[in-house]
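A.B. asks: Before I ask anything, let me first share the structure, which is written out below as structure tokens.
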Amino acid sequence: MVIRAAAFLGIAMVGIVIGYFIIKPSDKLRVFHPRELDERLVDPSLRNAEGEHHILDFALVDQLGRTITLADVKDRIIVADFFFTTCTTICPKMTTQMERVQEAYAKDDRIVLLSHSVTPEVDSVPTLAAYAQLHNADPERWHFLTGDRKQIYALARRSYFACQDKGDGGPDDFVHTENFVLVDPQHRIRGFYDGTSAKSIDLLIEDIGKLLGEGKQ
């Protein structure tokens with residue numbers, strides 16, 4: 001009887017352990033594919049795309065006047081957002097939260113922050129330099145980017161899926177989104193976060209740590 005009870009207990013414990021690992025949240029972040037996202041965020045040509053989605057290449061100018069391309073941030077974790085310096089609504093909150101991300105990983109050059117101006121005709125290099133200085137941006141880790149408007153708007157919609165897919169990047173088009181997008185060193189999207197929410201950015205900071213852990217596996 002004692003042996004039977006011990007055997008039953010052993011089986012029960014095995015079941016509990018297996019169940020724990022089944023329901024335990026994974027420490028590995030998911031990889032986002034266009035077909036899994038709200039179709040309003042995805043260009044029709046990409047909604048049923050097969051295989052992995054990767055961030056598109058770009059050539060934009062940062063606050064120091066340097067041309068920055070995807071090759072310049074290769075093998076690094078990217079946090080991207082879209083803002084403009086004269087914004088008085090969501091952008092100041094977003095920039096404050098991006099400061100928190102920079103501070104959390106201030107000594108880790110495996111992370112780079114890319115803030116794209118959606119009013120590049122206004123946000124010149126000197127304007128971005130002043131804005132970056134105001135927010136204590138490390139120019140080696142946080143790039144405020146300006147350049148071709150159509151390219152920036154295409155990045156927001158066809159690369160990062162940061163805003164609804166409508167508009168052509170022309171003079172009457174406007175991107176205004178609170179989304180922060182997390183991209184891994186393989187240039188795959190791994191998360192979306194509300195850049196106006198401290199709680200959401202707490203999660204982003206935690207998720208960056210998970211991505212860094214993936215690189216050690």
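No lab work stands behind these numbers, since they all come straight from the coordinates. This is a predicted model, so every value here is computed, not measured. Please note: Cβ atoms are built from the backbone with ideal geometry, for glycine as well, and neighbour counts cover all protein chains shown.
A.B. asks: Considering only C-alpha atoms, what is the centroid distance from the stretch 37-51 to the stretch 125-153, in Å?
C.D. replies: Answer, in whole Å: 29.
A.B. asks: Pull up all non-local amide H partners of TRP142: gap of 5 or more, or a different chain, and H-to-H distance under 5 Å with H placed in the peptide plane.
C.D. replies: Under 5 Å from the amide H of TRP142 lie the amide H atoms of LEU113, each far enough along the sequence or on another chain.
A.B. asks: Follow-up. For a 21 Å ceiling on Cα separation, which of these pairs sit above it: LYS150/LYS199; LYS74/LYS210; LYS93/LYS199?
C.D. replies: LYS150/LYS199
A.B. asks: Turning to a different aspect of this structure: Among ALA137, ILE55, CYS87, flag the residue with its Cα farthest along the positive direction of the charge dipole of the stretch 29-214, charges on Cβ as +1 for Lys/Arg and -1 for Asp/Glu.
C.D. replies: Of the candidates, ILE55 comes out farthest on the positive side.
A.B. asks: Sticking with this one: Apply the Karplus parameterisation 6.51 cos²θ - 1.76 cosθ + 1.60, with θ equal to phi minus 60°, to every residue of the stretch 42-51 and state each ³J(HN,Hα) to the nearest whole Hz, in sequence, with x for glycine and proline.
C.D. replies: Those phi angles translate into 10, 4, x, 5, 10, 4, 10, 5, 8, x Hz.
A.B. asks: Please list 3J(HN,Hα) in residue order for the stretch 182-188, calculated via the Karplus relation 6.51 cos²θ - 1.76 cosθ + 1.60 where θ = phi - 60°; whole Hz, with x for glycine and proline.
C.D. replies: 9, 10, 7, x, 8, 6, 9
A.B. asks: Let me ask something additional. Need one number: % antiparallel among DSSP beta bridges in the stretch 29-214, to the nearest 5.
C.D. replies: The answer is about 50 percent antiparallel.
A.B. asks: Once you charge only the Cβ atoms, +1 for Lys and Arg and -1 for Asp and Glu, what is the size of the charge dipole of the stretch 29-214 about its Cα centre, to the nearest 20 debye?
C.D. replies: Dipole of the stretch 29-214, to the nearest 20 debye: 120 debye.
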